[in-house]
Amino acid sequence: MVVSEAFLEQVELLQTLIKNNLAGRFGGTHQSKTFGSSCEFTDYRDYMPGDDVTKIDWNAFARFEKLYLKLYLDERQVHTRIYIDASKSMKFGKGRKDEQALRLAAVFAYLSVCEMDKVSVYMIRDGHLEEVFVNMLGRESFYNEIGKLDSIEFDGDSKITEAILPSVVGYGDGLSIIISDFLTDEDFEGAIEHLANKRRDILCVQVLAREELSPRTRGKMHLIDSEDANHIYRKNITKDIIRAYMAALDYATGRIRNFCLARGGNYMLVSSEESLNGIFFGKLTEMGVLK
Amino acid sequence: MSLAYPLGLLGLIGVPILILIYIIKNQYTEKVIASTYLWELSERFLKKRLPISRIVGIISLILQILAVVFASLALAQPVFTIPDAGGVYCFVLDGTGSMNYEAGGTTRFDAGKKEIRSVIKNSMKGSAYTLVYVGDATETVFEYVSDKDRAIAMLDELEVGYRADDLNKAWETAQEFFDSDPSTKVYLITDKRYEGTENVTVVNVAEERADNFSLSDIEVVTTPTENSSHITVSGTVMSYVNDGDVEISLYFDDETEPHATVPLEVLALIPSAYTFEVDDVADFRAVRVTLGTEDGLSLDDEAVYYNVEFENSSRTLLVSERPFFLKAALIAAGTSQVTVIDPSEYEGQTGYDLFVFEQFMPETLPADGAVWFVNPQSGVAGSNFSYQGSQSAPREGLAYSNSTNSGVRNLLEGVPGAAARTEYELKQYVKCGLGAKFSILLTCEGNPMLFTGATESGAREVVFAFDPRDSAPFILSADFNVLVDNLLDYTFPPVVEETGYVCGETLAVNVVAGCTSMRIVSPNGKESFPDTSVPIVEYTLNEVGTYDIELYMADGSVRTINVYSSLAEAERAPSETEAMRVIYGTPESGGRDGVYDDLLYLFIILALLAAAEYGVYCYEQYQLR
C-alpha cells in the first residue's frame, strides 16, 4: 500500500460533509444541527426558566429589558467507521482491488483524523467483523496504526450484512464507509439498511478491476469463482455473452447505487487502477461527500 | 452430375482434419476469476436465441469447413450433363485469296473467323467442333474438339491464304464428318454465292460496298533499237463493283516516282485496256504497274514483271590469245557479257560466272565460277583430269557418245550430228586422263575429247580437248553451236525459267553450280531454306507479291532473283457465284451431351465468401478483446 505524503497533505484541505444531525461527542470539528457551546454564534431565543444563565446576553437585556439567550452552534467529534471487504475476490485484477481498497481506507482514515474525528477500520471476512484498529484519534495515532492495514489478509468469503449487523455501529455519530467489490449474491443490503437506520452517513465504494469492468476473455472458458471453487461459469464467451455481461454489470452497479441513494447514502464505483487524486478531488467532491 | 476432376475432392480430407484440430485445440480453458457473480448474472440478460443460433458457438469451425468444402468442389469442378444438348459442328472456312477483301477495316476472313467464334461461344459446352480450312492447302485444323477455348485459339492462329482453290476437297471432308455423325451441323463460311444449299448453313461474309479494281498480269514486249530498246507495257483493269476513274502508274526497277502515268476510265465488269510505250530503255530488271486507287482488295492493285533475261544473265571471262571463234560461239549462244583478256593478263580474276581458258592453263583454278578448258596444254590441280599429250587424230575419228545416260543425252539434245552419228575430220586432239566421273560427249579413237564434269571444288567443268582452229569443219557446223548452247545451259543453267507466276503455282529454281544454300523470302517475309542438294528446288508460291530468291555461292557472293506471284483471276472477283453446295444425307437431331460446368465459379465465390466471413469473424473477435 503506497500513499504519498504529498497527497495526504493535499487531502488535509478537504472536509467531510455529514448529512445526518450529529450525535457525537464534543470536541470535533463537525457542526451539529443542535445548538451547542462552540464559539460560532448562530441565533437568540427567549430565556426560559432553567436555562443556563451564563448564556444570557446582558447587552440585549439592557437594550430591550428582556432576557435573551445567545445560541451557539454545536461542534461534534464523529466516529468514522471503515469496513473493508477482505474476501478473496478482492485480490484480483490488475492494480489489485485489495491495494486500492487499502489506499482508499488509509486516505479516508487520514481525512478523519485531520478533522479530529475518531476512526475505526474493520475488515469483513467470512461473516465476521475483525478490528484492524479502533477509535484512532489524532495524526500521531494514524501514523502509528496505519501500518496495520498491510497485515490484512484477503481471503475467504464476504458476508457484509452478517458481519455488520451484530457489530456496534454507533448512532448518528458519523460516516460508515464500506469498501468492497460487492461481487456477491450474499445480502449486503441489510447492512446498508441497518446503518441507515442508525442514522449513519453511508458511503459504499465499489472497487472493480479493469477486467471486470471491460472483460477481454473470449472463447470456451471455465471461469472459476475465487471464493468458491464450486462456482464455475462454463461458457463459450462470445460477443453476445459479453453484451449480456455488460448489461449485468450495469444492473449490479445500478442496484447498489439506487439502494444507497434511496437510503440517503452515497455510492462510488472506482477502478482498481484509478488514481486517488481523481477519486478524492474528482468523484467524491462532485458527489458532495467531501468539500 | 459428374466431376471433371474427382481428385479435387481430396481436399475434403481437410474437413476431418479441421474437426480434429477443433476438438483438440478448442478445449475449455480454465481461469480463476474474482467472482462469477456478474457472469452468472449475465445469463439473465442473454437474449433468447433461436435453436439454430446454437451453431454460433461453432461458427468458426463451420465457416472453415464451408471454405474447405467449396474449395474442394471448385477443384473437382462439378459438371452437369444435359443429354443431347451439345451439338456437333463442322465449319468449312474459306481462306482463299478473295477472303483478303477488306471493308470497314475488317477482312472477309476475319469476319468469317468472328462468325465461327460466335457460333462456338454460343453453343452448349460439350459440343464438338471440327474446322476444315481451305487456304494454302485444304486441311482439317481440328477435329471434334470440345474445348471451346482451344478451338478458338486454333482458329485465331489461322491466317488467310492467297491461292485460288475450290472447296471441293474440303466439302468431301465435311461430307465424311456428316456421314460419320448425321447430327453434324455443317457451316460454310465463304464469300462465294451459291444458287442452292442443302444441309449446310452458308455464312456469306462478302462485303461489296468497297470498290474493287483489279490489274491483270502485264505484258511486256521489248523491241531492240540501235542502241537501246523500245518497251511496250500493256494490260487491263477491271472494276468488279462500281464504275470509276483510276490512274495507272508505271515504274522501272526501284523507281519511287512513276516513270509514266495513264488516266483510265473503268466501267464496272468491263475490262479496260491500257498501254505504255517507252523508248530508250537500255536494260531493266523489273516493270511495275500500280493502281492509284485504294480499294477493298489490294492484292491485285499491283502487277510486276521481272525481266527473266536480266535475272538469268551471267558474266564470262575468255582467256585466249585468239578468241575469235569462241567469242562468236558464246555470243551466238546468248552470252552477252563476255570479257576477253590475253593469257598474260590473267592474274586469277574473280567475279565471273564462267572462265574460258583457251590453250592456256592457269596455275590454280579460279575461286569462283564454272570453268571451260579449250585445247588444254597441261593439267592443273583440282581439275580432275590430266594432260597426256597431243595426239594426231585419224581421219574421221570424231564420234559422239552413244551413252544412254540422261545427262549425256540432255547435253547432246538437238545436236544434229549426234543423231546421225556424223564424223568430222580433225587434225589433232589432246589425250586426257580422267580422274573423276565425267560425262563424255565426244571421243576420238575412244579417247574423251569433249567431256563435262566438276572440279574438286564442285564448280562445273567442260573440257574441249582439241584446238578449235584445227577443227574448222566441226567448229563451223551446226553441231558445235548447239553443243555450246547446251553446255552453257549446263554450265550456268537459268535460275528460273520464268518470273511471272500465279499464286498457288510451283516455282522451279535451278540449283546452279557453286550454289551452297538458298533462301526464299516470301512477300510477307516468311523465310524458307530449301535443300540445295537436288538439282531443282520446287517451291509453292502461296502468297501474292514479289519473292526474293537468294542463292549463296561458294565464293561468298549472293545472287538474288525475283519472281512475282499474282492473285489468281478467280480470286479477284469479290463474290463469285457457284452452283450448289449439298451435304448428302438425312440430318438427325440430338448430338452430344451438353455440359454445364459454370458451377466452378459459384463454388469459387462461395469458398471465397466463407473464407472472407471467417476472416471478418476472426477480426471481430480480435476487436472485442
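Yes or no, residue by residue, for (1) surrounded by 15 or more Cβ atoms within 10 Å (Cβ to Cβ); (2) among the charged types (D, E, K, R); (3) closer than 30 Å to B:ILE116 by Cα:
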site	(1), (2), (3)
B:SER180	no, no, yes
B:ASN204	yes, no, yes
B:ASP211	yes, yes, yes
B:ASP217	yes, yes, no
B:THR232	no, no, no
B:ILE270	no, no, no
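Given the residues B:THR275, B:THR293, which is the only one that is crowded, with 16+ Cβ neighbours inside 10 Å and either on the phi > 0 side of the Ramachandran plot or hydroxyl-bearing (Ser, Thr, Tyr) (or both)?
Values: B:THR275 fails: crowded, with 16+ Cβ neighbours inside 10 Å.
Within the list B:THR275, B:THR293, the selection yields B:THR293.
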Please work out which one of (1) surrounded by fewer than 16 Cβ atoms within 10 Å (Cβ to Cβ); (2) at the interface with chain B (Cβ under 7 Å from one of its Cβ atoms) is the condition A:ASN230 fails and give its number.
(2)
Looking only at the range B:433-487, which residues are assigned to a strand (DSSP E or B) and more than 48 Å from the chain's Cα centre (by Cα)?
B:CYS444, B:ASN447
I'd like to check something: does the range B:486-499 contain any residue that is among the acidic types (Asp, Glu) and under 19 Å from B:PRO376 (Cβ atoms)?
no
Pairs with Cβ under 7 Å, 6+ apart, first in the range B:95-113 and of a type in the set (S, T, N, Q), second surrounded by 20 or more Cβ atoms within 10 Å (Cβ to Cβ) and in a helix (DSSP H, G or I)
B:THR96/B:GLU571; B:SER98/B:GLU571; B:ASN100/B:PHE109; B:ASN100/B:LEU299; B:THR107/B:MET99; B:THR107/B:ASN100
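Listed here are the residues, each with its yes/no results for (1) among the charged types (D, E, K, R); (2) within 22 Å of A:VAL168 (Cα to Cα).
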position	(1), (2)
A:MET90	no, no
A:VAL113	no, yes
A:VAL119	no, yes
A:TYR122	no, yes
A:ASP126	yes, yes
A:LEU129	no, yes
Residues that are of a type in the set (A, V, I, L, M, F, W, C), touching a residue at least 60 places away in the same chain (Cβ under 8 Å), in a loop (DSSP other than H, G, I, E, B) and crowded, with 18+ Cβ neighbours inside 10 Å, drawn from the range B:339-372:
B:LEU365
Can you name every residue in the range B:304-328 that is surrounded by fewer than 20 Cβ atoms within 10 Å (Cβ to Cβ), among the aliphatic types (A, V, I, L, M) and in contact with an Asp or Glu (Cβ under 9 Å, 6 or more places away or on another chain)?
B:VAL308
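Filter the range A:164-187 for residues that are among the hydrophobic types (A, V, I, L, M, F, W, C) and at pLDDT below 85; which is farthest from A:TYR122 (Cα to Cα)?
Taking the range A:164-187 as the starting set, the residues that turn out to be among the hydrophobic types (A, V, I, L, M, F, W, C) are A:164-165, A:168-169, A:175, A:177-179, A:182-183.
Those left that are additionally at pLDDT below 85: A:168-169, A:183.
On the way: A:VAL168: 11, A:VAL169: 11, A:LEU183: 19 Å.
Here the residue is A:LEU183.
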Unique residue being outside the structural domain of B:SER183 (by TED's automatic domain parsing), modelled with pLDDT of 85 or more, within 27 Å of B:GLY135 (Cα to Cα) and hydroxyl-bearing (Ser, Thr, Tyr) when the list is B:SER566, B:SER517:
B:SER566
Within the range A:206-225, can you find the residues that are of a type outside the set (Lys, Arg) and either more than 7 Å from chain B (Cβ to nearest Cβ) or surrounded by fewer than 20 Cβ atoms within 10 Å (Cβ to Cβ) (or both)?
A:GLN206, A:VAL207, A:LEU208, A:GLU211, A:LEU213, A:SER214, A:PRO215, A:THR217, A:GLY219, A:HIS222, A:ILE224
Kindly state which strands (runs of 3 or more DSSP E) lie completely within the range B:10-122 and contain at least 1 residues that are under 60 Å from the mean Cα position of the chain (by Cα), of a type in the set (Asp, Glu) and more than 11 Å from every other protein chain (Cβ to nearest Cβ).
B:78-86, B:88-94
Scan the range B:160-194 residue by residue and report those that are acidic (Asp, Glu) and either farther than 19 Å from B:PHE109 by Cβ or touching a residue at least 40 places away in the same chain (Cβ under 8 Å) (or both).
B:ASP165, B:GLU172, B:GLU176, B:ASP179, B:ASP181, B:ASP191
Can you name every residue in the range A:279-291 that is part of a loop (DSSP other than H, G, I, E, B) and surrounded by 14 or more Cβ atoms within 10 Å (Cβ to Cβ)?
A:VAL289
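Suppose the filter is under 30 Å from B:GLY545 (Cα atoms), touching a residue at least 24 places away in the same chain (Cβ under 8 Å), of a type in the set (A, V, I, L, M) and in contact with an Asp or Glu (Cβ under 7 Å, 6 or more places away or on another chain); does B:VAL509 pass it? Can you show your working first?
On the way: under 30 Å from B:GLY545 (Cα atoms): yes; touching a residue at least 24 places away in the same chain (Cβ under 8 Å): yes; of a type in the set (A, V, I, L, M): yes; in contact with an Asp or Glu (Cβ under 7 Å, 6 or more places away or on another chain): no.
Considered against the rule, which asks whether it is under 30 Å from B:GLY545 (Cα atoms), touching a residue at least 24 places away in the same chain (Cβ under 8 Å), of a type in the set (A, V, I, L, M) and in contact with an Asp or Glu (Cβ under 7 Å, 6 or more places away or on another chain), B:VAL509 comes out as no.
Name the residue, out of B:ASN375, B:ASN402, B:ASN410, that is at pLDDT 80 or above and either assigned by TED's automatic domain parsing to the domain that holds B:ALA554 or buried (at least 19 other Cβ atoms within 10 Å of the Cβ) (or both).
Working: B:ASN402 fails: either assigned by TED's automatic domain parsing to the domain that holds B:ALA554 or buried (at least 19 other Cβ atoms within 10 Å of the Cβ) (or both); B:ASN410 fails: either assigned by TED's automatic domain parsing to the domain that holds B:ALA554 or buried (at least 19 other Cβ atoms within 10 Å of the Cβ) (or both).
Just one listed residue meets the conditions, B:ASN375.
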If a residue has to be in contact with an Asp or Glu (Cβ under 6 Å, 6 or more places away or on another chain) and touching a residue at least 60 places away in the same chain (Cβ under 8 Å) to count, how many in the range A:154-191 make the cut?
6
Could you figure out which of (1) away from chain B (no Cβ under 12 Å); (2) modelled with pLDDT of 90 or more; (3) within 22 Å of A:ILE84 (Cβ to Cβ) isn't true of A:ASN258?
(3)
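Residues are listed down the side, and each one gets a yes or a no for (1) part of a loop (DSSP other than H, G, I, E, B); (2) among the basic types (Lys, Arg); (3) at pLDDT below 90; (4) in the same structural domain as B:GLU219 (by TED's automatic domain parsing):
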position: B:ALA273; (1), (2), (3), (4): no, no, no, yes
position: B:GLU277; (1), (2), (3), (4): no, no, no, yes
position: B:ASP280; (1), (2), (3), (4): no, no, yes, yes
position: B:ASP283; (1), (2), (3), (4): yes, no, yes, yes
position: B:ARG288; (1), (2), (3), (4): no, yes, no, yes
position: B:ASP295; (1), (2), (3), (4): yes, no, yes, yes
position: B:LEU299; (1), (2), (3), (4): no, no, yes, yes
When the range A:247-278 is checked residue by residue, the ones that are over 16 Å from the mean Cα position of the chain (by Cα) and either touching a residue at least 12 places away in the same chain (Cβ under 8 Å) or buried (at least 20 other Cβ atoms within 10 Å of the Cβ) (or both) are A:ALA248, A:LEU249, A:ALA252, A:THR253, A:SER271, A:SER272, A:GLU273, A:GLU274, A:ASN277
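The values are calculated or read from the model by the stated rules, or taken from the named source; none is laboratory data. Just so it is clear, the structure is predicted and the values come from calculations on it, not from any experiment. Glycine also receives a Cβ, built like all others from the backbone with ideal geometry; neighbour counts cover every protein chain displayed.
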